[in-house]
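Visitor: Questions regarding the structure given below will be posed in turn.
The values are calculated or read from the model by the stated rules, or taken from the named source; none is laboratory data. Computed from a prediction, not measured in an experiment: that's the story for all the values here. Neighbour counts run over all protein chains shown; Cβ positions are idealised from the backbone, glycine included. When the accessible area is computed, the model is the full protein with side chains, heavy atoms only, and any ligands, DNA or RNA have been set aside. Shrake-Rupley method; radii C 1.70, N 1.55, O 1.52, S 1.80 Å.
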Amino acid sequence: MQEPMDFWAFFTPMLHKQLGLLPFFTLQMVAVMAMFMFTLLALREIKLPRTSNPMVFGLVFGVTAYLLTALVSDFIGSMLKPYIRNEILFVSALIGGWPGGLICGVITFAARLQFSGQNLWLLSGLECLSYICAGALLHPLMQKRGNLSIAMKDLSLIAGVYALTGYLGPVLFHWGWPEIIQTKTLITMWTARTLRFPLMFGTLFGMLLLIKLDAQRQRYQALELQRMGTEVQGSKERERRMMMISHSLKTPLTRLRLRSELLNDPALKQEFDEDLLELEGMVHASLESIRGTISHEEVIATRLDELIGRLAARPIYLDAQVEFSGAPLTIWARPQAIERAIGNLLDNGILYGKRVMVSLTKKAERAYITLRDFGPGIPEADQQAVFSPNVRLAHAQAVNQQGTGLGLGITRDILRAHGGDLTLRNHPQGGLEVTVHLPLHEAPLAA
């Protein structure tokens, strides 16, 4: 008759040994997480067919299990067996389904035979298979959730199935052993798996979080590509329409211009020419407004201070006063578009204020351009309305009857396309102050 086992005499030293191995298990879990992250990055870079992903995960997890088994082979002879073979098998099947789990299982079992021999090989193989089955049965849940909608309840279910497999396995596979051996086996394995459960839960949480982040990135990239394709298609369509409109309008305008030359009445001819000139200006301005921010310019590093300096030195401003101050400042931009936007603001300042003071500063990783004229300003109630097409205030109409009211709107569209904007305010000492801000991109804008 067998003597009864002294539970505490067996449990206490065994628990102490297992607690001492927890840092070793933690390092192994970290290694598995690192290999998983590496696999995700590799799959995204080499762009393999998605059908091959399960096999890749199985291979990577299998090699990881093999290396970890080799690393701890000196300890395999002990009762505690300080490696995370079962956890890796479960995760490989959870992520890679049956293909991933079986590939990992073959490599892992080969490592077990190489480093532990054939002792209890069938029992060990059945236990490995139980973890593969548990993970593979939960794999459809991962696919059904689409990786993006995995919630804490799903993680709890997965961890619960893992724990149940770990607790039932020793009972099923060691059934029929002598009672004292079976009891010691159950106590040892249940205690070890209970202690390692928080590590496994953390590993699962980290992996599922990485999967969600990777899925979100892929979805974002797909949506961004779709958006860019739509924008390019829309840009081409708008450009095609502009060419059609331009071609359609040029013919009757040219015909009218020729007919005006046949008029014998000088006064009538002058009036007719003025109407044609106004009509041509309106057509040109309207086409410019339709074009908006359509640009095929390359985004390059642009010295903003040099660009403004060139504008301020244009001959058209020689009879006016343009004062510019600013330190060297570089932005990523489409230079012709930015020159057009700032040139519109300078034109308005000179036309309506006769004098413009321009300053360029940097603040909080943004470039700020301040343009102040010395005209009558814009009533606060009208400062948003002037961005609308064909809106012209009384002072603007009196100074420039040929204007179309499109310049500010076009300017704002260009700035916003570069990630910037502009604001208007009346200066306390008179005149209008326009503040432009643009981001100091460290990399080029999307084309």
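Visitor: Do we have residue 43 as assigned to a helix (DSSP H, G or I), more than 17 Å from residue 108 (Cα to Cα), of a type in the set (A, V, I, L, M) and at pLDDT 80 or above here? Give the steps one after another, and end with the answer.
Guide: Details: assigned to a helix (DSSP H, G or I): yes; more than 17 Å from residue 108 (Cα to Cα): yes; of a type in the set (A, V, I, L, M): yes; at pLDDT 80 or above: no.
For residue 43, the condition - assigned to a helix (DSSP H, G or I), more than 17 Å from residue 108 (Cα to Cα), of a type in the set (A, V, I, L, M) and at pLDDT 80 or above - is not met.
Visitor: Right, next: Just for segment 109-124: of the residues that are of a type in the set (A, V, I, L, M, F, W, C) and in a helix (DSSP H, G or I), which one is surrounded by the most Cβ atoms within 10 Å (Cβ to Cβ)?
Guide: The qualifying residue surrounded by the most Cβ atoms within 10 Å (Cβ to Cβ) is 111.
Visitor: So is residue 306 open to solvent by 70 Å² or more (accessible area, probe 1.4 Å) and either under 22 Å from residue 352 (Cβ atoms) or modelled with pLDDT of 90 or more (or both) or not?
Guide: Yes.
Visitor: For residue 101, indicate whether it is free of Cβ contacts under 8 Å to residues at least 60 places away in the same chain, touching a His at 6+ places or on another chain (Cβ under 6 Å), under 23 Å from residue 212 (Cα atoms) and part of a helix (DSSP H, G or I).
Guide: Values: free of Cβ contacts under 8 Å to residues at least 60 places away in the same chain: yes; touching a His at 6+ places or on another chain (Cβ under 6 Å): no; under 23 Å from residue 212 (Cα atoms): yes; part of a helix (DSSP H, G or I): yes.
Considered against the rule, which asks whether it is free of Cβ contacts under 8 Å to residues at least 60 places away in the same chain, touching a His at 6+ places or on another chain (Cβ under 6 Å), under 23 Å from residue 212 (Cα atoms) and part of a helix (DSSP H, G or I), residue 101 comes out as no.
Visitor: Of the residues 349, 281, which single one is part of a helix (DSSP H, G or I), at pLDDT below 70 and either within 30 Å of residue 388 (Cβ to Cβ) or not hydrophobic (A, V, I, L, M, F, W, C) (or both)? Outline the logic, then answer.
Guide: On the way: 349 fails: at pLDDT below 70.
Just a single option satisfies the conditions, and that option is 281.
Visitor: If you take the residues of segment 125-159 that are in a helix (DSSP H, G or I) and among the β-branched types (Val, Ile, Thr), which of them is modelled with the lowest pLDDT? Steps first, answer last, please.
Guide: Filtering segment 125-159 down to residues in a helix (DSSP H, G or I) leaves 125-145, 152-159.
Keeping just the survivors that are among the β-branched types (Val, Ile, Thr) gives 132, 158.
Values: 132: 92, 158: 83.
Only one residue tops the list, namely 158.
Visitor: Also, quick follow-up: Could you check segment 377-414 and list, in sequence order, the residues that are small (Gly, Ala, Ser), surrounded by 15 or more Cβ atoms within 10 Å (Cβ to Cβ) and either part of a helix (DSSP H, G or I) or at pLDDT 65 or above (or both)? Lay out the reasoning, then the answer.
Guide: The first filter runs over segment 377-414 and keeps only residues small (Gly, Ala, Ser), leaving 377, 381, 385, 388, 394, 396, 398, 403, 405, 407, 409.
Now restrict to residues that are surrounded by 15 or more Cβ atoms within 10 Å (Cβ to Cβ): 377, 396, 403, 405, 407, 409.
Residues satisfying the conditions are 377, 396, 407, 409.
Visitor: Just name the residue that is surrounded by the fewest Cβ atoms within 10 Å (Cβ to Cβ) out of those in segment 318-327 that are modelled with pLDDT under 85 and in contact with a helix residue (DSSP H, G or I) (Cβ under 6 Å, 6 or more places away or on another chain).
Guide: Among those residues, the one meeting the criterion is 320.
Visitor: Please work out which one of (1) modelled with pLDDT of 85 or more; (2) within 23 Å of residue 333 (Cβ to Cβ); (3) open to solvent by 30 Å² or more (accessible area, probe 1.4 Å) is the condition residue 425 fails and give its number.
Guide: All conditions are met except number (2).
Visitor: Let me ask something else. Considering each of 5, 37 in turn, give the residue that is at negative phi, aliphatic (A, V, I, L, M), surrounded by fewer than 22 Cβ atoms within 10 Å (Cβ to Cβ) and at pLDDT 75 or above.
Guide: Just a single option satisfies the conditions, and that option is 37.
Visitor: Could you check segment 164-183 and list, in sequence order, the residues that are open to solvent by 20 Å² or more (accessible area, probe 1.4 Å), at pLDDT below 80 and in a helix (DSSP H, G or I)?
Guide: Matches in segment 164-183: 171, 172, 173, 179, 180, 181, 182, 183.
Visitor: Out of all the residues in segment 328-371, which are open to solvent by less than 40 Å² (accessible area, probe 1.4 Å) and of a type in the set (D, E, K, R)?
Guide: 334
Visitor: Do we find that residue 203 is within 30 Å of residue 54 (Cα to Cα), at pLDDT 70 or above, among the hydroxyl-bearing types (Ser, Thr, Tyr) and assigned to a helix (DSSP H, G or I) in this structure?
Guide: yes
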